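Okay, structure first, notes after.
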Amino acid sequence: MNTFGNSHIIKQIATQSGFDYCGIARALPLDEDARRLETWLNKGYNGNMQYMENHFELRINPQKLVPGAKSVITLLLNYYPADIPTAGRDVPKISKYAWGNDYHEVIKAKLRSFIEEIKLRIGDVHGRGFVDSAPVLERAWAQRSGLGWIGKNGNLINKQSGSFFFIATLIVDIELEYDDPLAKDFCGTCTKCIDACPTNAILDNRVVDGSKCISYYTIELKDALIPDNMKGKFDNWMFGCDVCQDVCPWNRFSSPTTETRFTPIPEILDFTKENWEELTEESFKKIFRHSPLKRSKFQGIKRNLKFITKA
């Protein structure tokens, strides 16, 4: 089977596996992205996220991450919910990606079946799949495989469907037909995401100061108090933040996900402010056992809740 045929099979399997988009790029060192990442780290934009400094060589070179790597397959999975709570409710806000089951669990299961099906239909293919849990610059690979461009808010934006996507990466040891990188940026002169960011975390030249991002404070910042100078700036966000995506004009093309496991947990849509304040650790563990919220743990959610209600 030639590279074109194999690529066609892989994209067929991606669709059958429930992924919304699939793009393929040649596995090469990401030299330009390496320079950008080094500058970003040197300026301390990763805050307390020390893991961003680890395995630098693996992040920028897929052949060091997966020996013998020849191709990088990027998969997008839409998570935009069908049910959106009525605006104006005085309740703690949660980023849309966390409304249903933990995407790590959902996508890892999809990747396992995806890889097995590739082996069944193509043959002896070796590789590794990743979803937000390894040193992979997934947005760079998505752009290189023609799936979108990196917007001013740092998110991958797809021209047909916006930015409410999870990105999964599969690095394999076979040559494939490669998609053309998306060379054009369609943000133009729009600055809506920059203007709307509550903490001024979005800088010029598609740089996001992670150490100022609400998602960083509410999820990544562990065992520490949120700085007082952030009081009154969180706009009621308790876990993550969607402001820069909600204002993005390209997200008018977002459509509801077909992945049933991303169906919002009823409590996410129905809880009042009082429900959150009265939540016990036992109830938290039961209700959110399959939710991304468990990443912040009960104490982290309580800390965030206290911070936004006392602001």
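Computed from the coordinates by the stated procedures, all read-outs in this text should not be read as laboratory data. Predicted model, so just to flag it, every value in this text is computed and none were measured. In this analysis, Cβ positions are derived from the backbone assuming ideal geometry, glycine residues included, and neighbour counts consider all displayed protein chains.
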TODO: In debye, nearest 20, what is the charge dipole magnitude of the stretch 83-190 about its Cα centre with +1 on Lys and Arg Cβ and -1 on Asp and Glu Cβ, if you could check?
DONE: 380 debye
Task: For the chain, Cys with no neighbouring Cys Cβ under 4.7 Å - done: C22, C187, C190, C197, C213, C241, C248
Open item on the list: Taking the 0 to 90 degree range and rounding to the nearest ten, how far is the long axis of helix 3-16 tilted relative to the main principal axis of the chain, both from C-alpha atoms?
Closed with: 30 degrees
Task: Positive-end residue, the chain charge dipole about Cα centroid, Cβ charges, pick of F262, T189, F298 - done: F298
Task: Cubic angstrom per residue, convex hull over Cα atoms of the stretch 97-151 - done: 118 Å³
Open item on the list: Which aspartates and glutamates, if any, have their Cα less than 14 Å from the Cα of K192, not counting same-chain residues under 8 positions apart?
Closed with: D204, D242, D246
Task: Tail weight of P(r) past 31 Å, computed on alpha-carbon pairs of the chain, percent - done: 32 percent
TODO: Kindly identify the stretch 133-175 as rounded, prolate or oblate by the Cα gyration tensor criterion: order the square roots of the eigenvalues as a ≥ b ≥ c, call it rounded if a/c is under 1.5, otherwise compare a/b with b/c, prolate if a/b is larger, else oblate.
DONE: prolate
Open item on the list: I need the P(r) histogram for the stretch 173-311: all alpha carbon pairs, bin width 5 Å from 0 out to the longest distance, whole percents.
Closed with: 2, 8, 15, 17, 16, 15, 12, 8, 4, 3, 1, 0
Task: Helix 31-42 axis, angle to the chain major axis (alpha carbon atoms, nearest 10°) - done: 20 degrees
TODO: Treating cross-link reach as a plain straight distance, find the lysines whose alpha-carbon is under 20 Å from the alpha-carbon of K273, omitting any fewer than eight places away in the same chain.
DONE: K93, K96, K231, K233, K285, K286, K294, K297, K302, K306, K310
Open item on the list: What's the ranking of 197-203, 69-75 by average number of surrounding C-beta atoms within 10 Å, highest first?
Closed with: 69-75, 197-203
Open item on the list: Going Cα to Cα from K43, which lysines come in below 16 Å? Please leave out same-chain ones fewer than 8 positions away.
Closed with: K212
TODO: Inverting the mean 1/r over all pairs of different Cα atoms, compute the Kirkwood radius of the stretch 59-179 and quote it in Å.
DONE: 16.0 Å
Task: Degrees between helix 297-310 axis and first principal axis of the chain (Cα, 0 to 90, nearest 10) - done: 50 degrees
Task: For peptides 183-189, 271-277, sequence by mean Cβ density within 10 Å, most packed first - done: 271-277, 183-189
